[in-house]
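Here's the structure we're looking at; comments come further down.
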Amino acid sequence: MAPPEARSPTLEDARALLHAGESLLTPALERARALTRNGAAIDEHQVLTERMAYAATEARAAREVLALAESLRVEGRGAAIETMAVSAVGDLIASLRARLEAAADDLGLGDDATTLPAALRARLRATTHEARVRAIGRDAIAARGRTEPPLDETLEQVRASVREFAEKEVLPHAERVHRRDEDIPESFISAMGELGYFGLSIPEQHGGHELGNLAMILTTEELSRASLAAAGSLITRPEILSKALLQGGTEAQKQHWLPKLASGEVMVGVSVTEPDIGSDVAGVKCRALRATENGRAGWRIQGPKAWCTFAGRANVLALLARTDPDPTSGGRGLSLFIVPKEPASGHAFEQRQPGGGRLVGKADATPGYRGMHSFTLTFENWFVPAENLVGEEAGLGRGFYLQMGGFAAGRLQTGGRACGLAQAALEETAKYVAGRTQFGKPIADYQLTQHTLGRMALRLLQARAITYAAAREMDADERAAAPLAAQAKLLACDIAVEVTQQGQLMHGGWGYAEEYPISRYVVDAQVLPIFEGVKPILELKVIGRSLLGA
Ligand SMILES: Cc1cc2nc3c(=O)[nH]c(=O)nc-3n(C[C@H](O)[C@H](O)[C@H](O)COP(=O)(O)OP(=O)(O)OC[C@H]3O[C@@H](n4cnc5c(N)ncnc54)[C@H](O)[C@@H]3O)c2cc1C
């Protein structure tokens, strides 16, 4: 069936819908602020806070989709994504409205929470009408999933050159690394180092390229399109440590470490999580005790850590440890260390120091995200020189704060990873449905297939728009960008999970076969909402707090 309206909705309609959605959100947030006493009582209203955090994220994504489409229109390059953008905005506002509907009575707003004039409701239905989404799906299939928005010249060059590298160097190895859970080939790391991929957002004065966070995101996206685990995630850890160093490192530490991170000479593992401490980072128990070794001042690390990705290959671990023994010191008792170790291959390692220190690592088997391997670690009197405490004496007790700053960069980076993975799924699925025939015709010709592909494409546009906006905001003001980076991570990771699973369904039984890359994309995507703030914690304690706080 064709859409009932004679006039097809336009960007102007999308703008009106965005305005309406934001007008519904504003009083809802005000009520939520009052109910949670400016965020102090979030735990008494967790479900409500989660709904508000997600609704606000959807509103922000809608705003960014519209801004992207409008800027391309001004440049005369927007035609291709305008149709998609209108539906993408409509989809977000419809979802936001459903969330407010669920919260309406708790907010004390009743019908007012979602009431829109009839004409606007009709426009909302028109933007997401199934015939419109099917048309988007047909275009996506015809373009074999290549629906990315155009960029400016420099960024197009970045995207094209990384794509070429990823297709030539990473793609041929991606399946093997995944299926055999092999180590990432050293050639990836050295080539990425030579190409400058690790230093894209590091300032030039510290050996980086300072091309900015959007270039870093596009690089990440293209590498993740080839393989999330074997290439796309290599930049995350240096990003986290370099941001922490830029915020809290001494000048000498910046000069020593940042060029090594930018060149890929030093690979990093990030070690925050412990076997019984995950989301409650302030509760970290792993101890760092003052010590001297051969007359050298430093610290001894003592205790277990968990889920430290890339800890084997890494030359250093960015480790959060308790320097204040008083357990009531919470986050104020934590400091961040750059812990040197020898790079090791494989799934297990044991290292000893001349002074008696011992470090044991054993990878935990996982269904996806293979290649980097995530390790449970045991530190026994592992010595770290005093100059490796980030910020040195002034950094004592600042570890929690610096780690959180690093995580904001990690979350932005993960938004890029999610977009790349979803892009891979869209392309593979478009290719598959065009080639698969059932009941005498290609499954791409069926309405439901087109509708699914259309939704995959417009969801991906939503993920990209908010992630690119977060990257730009991070360039302008790192600290202020943290909540938006968290929102980008939240939405883009959910979208990657959804899009990969939809793609798998479109492959039928073959989507479950390891032979088809879509099965890898599905298991890889599932980790995205877990790390760098598991989804419920991100919603409540990062996005919720920033929205509802005084
Ligand atoms: C493949 C992989 C790689 C990883 N890599 C790294 C790494 O390199 N470095 C690192 O440090 N960590 C890493 N992690 C760890 C990851 O960051 C943690 O798993 C994550 O932070 C969640 O912690 P947790 O697993 O202990 O879950 P928990 O904190 O135990 O949370 C489990 C669930 O409990 C609920 N919950 C907990 N607290 C609350 C609350 N206050 N309110 C409501 N609900 C709550 C939520 O539903 C949550 O999903 C990795 C994890 C995986 C799976």
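The values are calculated or read from the model by the stated rules, or taken from the named source; none is laboratory data. These figures come from a predicted structure and were not determined experimentally. Counting neighbours? That spans all protein chains shown, and the Cβs are built from the backbone with ideal geometry, glycine included. Ligands, DNA and RNA are excluded from the accessible area calculation, which covers all protein heavy atoms including side chains. Shrake-Rupley method; radii C 1.70, N 1.55, O 1.52, S 1.80 Å.
The table below gives the values:
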{"quantity": "Selection count, segment 506-538, where residues are free of Cβ contacts under 8 Å to residues at least 12 places away in the same chain, farther than 24 Å from residue 39 by Cα and within 16 Å of the ligand (Cβ to nearest atom)", "calculated": "0"}
{"quantity": "Index of the failed condition, residue 87 passing every other in (1) within 16 Å of the ligand (Cβ to nearest atom); (2) in contact with a His (Cβ under 9 Å, 6 or more places away or on another chain); (3) small (Gly, Ala, Ser)", "calculated": "(1)"}
{"quantity": "Check on residue 91, touching a residue at least 60 places away in the same chain (Cβ under 8 Å) and over 28 Å from the mean Cα position of the chain (by Cα)", "calculated": "no"}
{"quantity": "Segment 254-263: number of residues that are open to solvent by 10 Å² or more (accessible area, probe 1.4 Å) and not charged (D, E, K, R)", "calculated": "5"}
{"quantity": "Failed item in (1) surrounded by fewer than 22 Cβ atoms within 10 Å (Cβ to Cβ); (2) at pLDDT below 95; (3) within 26 Å of residue 230 (Cβ to Cβ), with residue 535 passing the rest", "calculated": "(2)"}
{"quantity": "Flag if residue 245 is within 13 Å of the ligand (Cβ to nearest atom), open to solvent by less than 10 Å² (accessible area, probe 1.4 Å) and within 30 Å of residue 194 (Cβ to Cβ)", "calculated": "no"}
{"quantity": "Filter result (open to solvent by 20 Å² or more (accessible area, probe 1.4 Å) and without any contact (Cβ under 8 Å) to a residue 60 or more places away in the chain) within segment 264-276", "calculated": "273, 276"}
{"quantity": "Sole exception among (1) open to solvent by 50 Å² or more (accessible area, probe 1.4 Å); (2) under 23 Å from residue 461 (Cα atoms); (3) part of a helix (DSSP H, G or I) for residue 81, by number", "calculated": "(1)"}
{"quantity": "Residue list for segment 15-42, filter: in a loop (DSSP other than H, G, I, E, B) and open to solvent by 50 Å² or more (accessible area, probe 1.4 Å)", "calculated": "37, 38, 40"}
{"quantity": "Pairs with Cβ under 6 Å, 6+ apart, first in segment 154-173 and aliphatic (A, V, I, L, M), second not in a helix (DSSP H, G or I)", "calculated": "170/227"}
{"quantity": "Filter result (closer than 21 Å to residue 277 by Cβ and either within 16 Å of the ligand (Cβ to nearest atom) or among the acidic types (Asp, Glu) (or both)) within segment 381-400", "calculated": "390, 399, 400"}
{"quantity": "In segment 184-205, the residues that are modelled with pLDDT of 95 or more, over 30 Å from residue 522 (Cβ atoms) and surrounded by 21 or more Cβ atoms within 10 Å (Cβ to Cβ)", "calculated": "none"}
{"quantity": "For residue 271: the one exception among (1) hydroxyl-bearing (Ser, Thr, Tyr); (2) within 16 Å of the ligand (Cβ to nearest atom); (3) more than 15 Å from residue 389 (Cβ to Cβ)", "calculated": "(3)"}
{"quantity": "Cβ pairs under 6 Å, 6+ apart, first in segment 137-152 and in contact (Cβ under 8 Å) with a residue 40 or more places away in the chain, second in a loop (DSSP other than H, G, I, E, B) and surrounded by fewer than 23 Cβ atoms within 10 Å (Cβ to Cβ)", "calculated": "150/77"}
{"quantity": "Candidate set: segment 345-377, residues that are surrounded by fewer than 20 Cβ atoms within 10 Å (Cβ to Cβ) and within 16 Å of the ligand (Cβ to nearest atom); chosen: the one nearest to residue 272 (Cα to Cα)", "calculated": "376"}
{"quantity": "When residues of segment 406-438 are limited to those that are closer than 19 Å to residue 339 by Cβ and among the small types (Gly, Ala, Ser), the one surrounded by the most Cβ atoms within 10 Å (Cβ to Cβ)", "calculated": "406"}
{"quantity": "Scope segment 25-56; condition among the charged types (D, E, K, R) and either farther than 17 Å from residue 100 by Cβ or in contact with a Ser or Thr (Cβ under 9 Å, 6 or more places away or on another chain) (or both); matching residues", "calculated": "37, 43, 44"}
{"quantity": "Selected residue [within 15 Å of the ligand (Cβ to nearest atom) and surrounded by 24 or more Cβ atoms within 10 Å (Cβ to Cβ)] from 489, 541", "calculated": "489"}
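Each row is one residue, and each column tells you yes or no for (1) more than 16 Å from the ligand (Cβ to nearest atom); (2) in contact with a Cys (Cβ under 9 Å, 6 or more places away or on another chain); (3) part of a helix (DSSP H, G or I).
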{"position": "379", "(1), (2), (3)": "no, yes, no"}
{"position": "413", "(1), (2), (3)": "no, no, yes"}
{"position": "417", "(1), (2), (3)": "no, yes, yes"}
{"position": "425", "(1), (2), (3)": "yes, no, yes"}
{"position": "431", "(1), (2), (3)": "yes, no, yes"}
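Let's see how each residue does on (1) part of a strand (DSSP E or B); (2) of a type outside the set (Val, Ile, Thr); (3) touching a Leu at 6+ places or on another chain (Cβ under 9 Å):
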position: 351; (1), (2), (3): yes, yes, yes
position: 365; (1), (2), (3): no, yes, no
position: 369; (1), (2), (3): no, yes, yes
position: 382; (1), (2), (3): yes, yes, yes
position: 387; (1), (2), (3): no, yes, no
position: 397; (1), (2), (3): no, yes, yes
position: 400; (1), (2), (3): no, yes, yes
position: 403; (1), (2), (3): no, yes, yes
position: 406; (1), (2), (3): no, yes, yes
